[in-house]
Amino acid sequence: MSTGPGPADPADHSAAPAEHGPLLRARDVDVVRDGRHLLRSISLTVEPGEHWAVLGPNGAGKSTLLALLGALTHPTRGEVRVLGRRLGRVDVRELRSHLGHVNPRHPLRSPLSVREVVLTGVSGSIEPDRNRPPTADQLAHADALIETLGMTRRSTAAWTTLSQGERGRTLIARALMPRPRLLLLDEPATGLDLTAREQLLASLDDLRRHHPGLASVLVTHHLEELPASTTHALLLREGACVGTGPVDEVLTTDLVSACFDHPVRINREDGRWAARAARPAPAATAGPRA
């Protein structure tokens, strides 16, 4: 449960997104389960057009934080506002309908086409609603998203025949069908080979150029899985914040080494990041004897 209510705000009880202000705001958030802190004193503000990366080792609290930002869970202490509405005071089911949440473990098993899968994003269902055929506007919107994500040539391909990378791009298009202002991505590059990963990241960069008001939060373990269009970063270790802010101020050798508790060297080239284990300095050699 969240801490006690603050000043009365009638708009808090509406689940419709606020027209102005940050899309996400967490203030001094704790999440405690069975007496254990999963998150401790986390604060985060995401504005329209910002693209955040959340990084950290296994068990750092990344999935817990994404569940809060996606209105799937509530904080034990502190305040979380999603699209301007405070968790604990709104119908979270309605609030979630205004978010684009990409789950790479999408449970679909039937051979829907790429286009059909994307169209299920209108209702947030797994299977199409045969009683409500898509409108002409929805079909055009789906085709535009499929093109932006580089899947036009595969639009009629069955889900069961898609590669993992093709599925990932299809699910991003699906998440964008309701025209959300916020996109949440849970390790979207997991299990992808090199080519599929690069195609996915290029598609995300293209998507962000075509939708400049869209904001996103992407969770990953690996700096190599960050699109060049990433603007901000949050580093988590054991539920606590190691660094947060503009990406070039956070993804530094010192902060990333502290986050993963291992000395690494961070490089950025052509807008993309890479991490390598830091090599120890060579031992000093004795000079020539007199």
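What's the angle, to the nearest 10 degrees (0 to 90), between helix 136-148's Cα axis and the longest principal axis of the chain? Around 20 degrees separate the two axes.
Here the alpha carbons of the stretch 106-179 define both size measures, Rg and Dmax, at 10.9, 31 Å. At q = 0.13, 0.21 Å⁻¹, what is the base-10 log of I(q)/I(0) for the stretch 118-237 according to the Debye formula with one equal point scatterer per Cα and no solvent? Please give it to two decimals. Values returned for q = 0.13, 0.21 Å⁻¹ are -0.52, -1.30. For mean projected area of the Cα convex hull in nm², several values are listed as [x] 14.9; [y] 16.1; [z] 20.4; flag the one computed from this structure. Of the listed options [x] 14.9; [y] 16.1; [z] 20.4, [z] comes from this structure.
Roughly how far apart, in whole Å, are the Cα centres of the stretch 169-241 and the stretch 83-158? So the two Cα centres are separated by 17 Å.
Bear in mind that the values in this text are calculations on the coordinates, not laboratory data. The structure displayed is predicted, hence computed values, not measured ones.
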